[in-house]
Amino acid sequence: MVTLGKDSGQTAPAPAPAPRERYGETLFVRDTPERRRLRLLAEVFDPLSVRTLEHVGVHPGTRCLEIGAGSGSLARWLCGRAAPAAVVATDLDISLLDTVREENLLPMVHDVTRDDFPAESFDLVHARFVLNHLPERDRVLERIVRWLRPGGVLVVESFSWFPLDSSPDARYRKAMLRWGDLVRDTIGTDSRWARNYPSALARHGLRDLGATTVAEHLRGGTALADFWQLTVDMSRHQLIDKGYLTPQEYEDFTALMRDPDFWDLAPALTQAWGRK
Ligand SMILES: C[S@@+](CC[C@H](N)C(=O)[O-])C[C@H]1O[C@@H](n2cnc3c(N)ncnc32)[C@H](O)[C@@H]1O
């Protein structure tokens, strides 16, 4: 584990250890809190994602692939826009997609790092908060681009961690950064890569690139604060047992997330898109 100054809340510039496991094994296990977390994620971020998907254009007949569909909220939205075309919604666990009743939805258990699709199968591919969790993200991007037809569009979205670095509140800054260190060390999540999405998309041959980053204000007691509180809470035992946070630091963070007088910037959402 990387050693930090006492309450700096800063990540030391040492190289991250090789990740030991994959998403869903001991972090982000698909139990009741994770299901609730995925639904909160949809509630908070769908309006921003929909705005970007509307910008790139989804029309009747657009063949869509939603990678790592989670709760299925965006797959449902895509179904409404793309019908009669099918929307393929993939995940390692598709149990939450049972509640999506749209006739043109095709749920599929599919590991984006290993399982394939025929080349040029889709007009639109979307992945939100997926690539950041995959250590082989660059190789996965190459695979995804192969699945796009010429002229098709890729939209990717992930968190950008930078608003945390400058937070004036050491309790918030440290708890969030240390949670980020835990997921990085355990499964290889990179919450600092997304700001360079446009360069990555260009490297994979996409054109007509666009990108935006939105840093929303987080207020204690709101859905956004609940989302981050639940996210950190799901790793509470690992954070404390492995020495990333003390019990007191964990309690301080929880109290902030419930305090309506607490305001700060949340991790930003970076969205990028490009055409093949
Ligand atoms: C943070 S959640 C985001 C869910 C959804 N995209 C959203 O933004 O609401 C990450 C999702 O990616 C899925 N996932 C993780 N690794 C995956 C892989 N190798 N292949 C496909 N899905 C994966 C997880 O099961 C989970 O549903």
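The values are calculated or read from the model by the stated rules, or taken from the named source; none is laboratory data. All values reported here derive from a predicted model rather than from experimental measurement. Heads up, the Cβs are rebuilt from the backbone with ideal geometry, glycines too, and the neighbour counts pull from every protein chain shown. Areas reflect the complete protein model, heavy atoms only, side chains present, ligands, DNA and RNA absent. Shrake-Rupley method; radii C 1.70, N 1.55, O 1.52, S 1.80 Å.
Odds and ends about this structure:
- Residue in the range 94-107 that is surrounded by 12 or more Cβ atoms within 10 Å (Cβ to Cβ), polar (S, T, N, Q) and over 25 Å from GLU43 (Cβ atoms) present: no
- When the residues of the range 134-157 are filtered to those that are assigned to a strand (DSSP E or B) and away from the ligand (no atom under 11 Å from the Cβ), the one that is surrounded by the most Cβ atoms within 10 Å (Cβ to Cβ) is LEU154.
- Residue match in the range 193-209 (condition: closer than 28 Å to VAL29 by Cα, open to solvent by less than 10 Å² (accessible area, probe 1.4 Å), in contact (Cβ under 8 Å) with a residue 12 or more places away in the chain and under 17 Å from the mean Cα position of the chain (by Cα)): yes
- All conditions but one from (1) part of a helix (DSSP H, G or I); (2) among the aliphatic types (A, V, I, L, M); (3) crowded, with 19+ Cβ neighbours inside 10 Å apply to VAL58; the one that does not is (1).
- When each of ARG81, ARG51, ARG114, ARG35 is tested for being open to solvent by 60 Å² or more (accessible area, probe 1.4 Å) and part of a loop (DSSP other than H, G, I, E, B), the lone residue that passes is ARG114.
- Taken over the range 235-276, residues that are without any contact (Cβ under 8 Å) to a residue 60 or more places away in the chain and of a type in the set (A, V, I, L, M) amount to 3.
- Scope the range 66-88; condition over 16 Å from the mean Cα position of the chain (by Cα) and either within 16 Å of the ligand (Cβ to nearest atom) or within 21 Å of LEU134 (Cβ to Cβ) (or both); matching residues: ARG76, TRP77, LEU78, CYS79, VAL87, VAL88
- Of all residues in the range 210-231, those satisfying the criterion of being open to solvent by 20 Å² or more (accessible area, probe 1.4 Å), under 23 Å from ASP181 (Cβ atoms) and not in a helix (DSSP H, G or I) are THR213, ALA215, GLU216.
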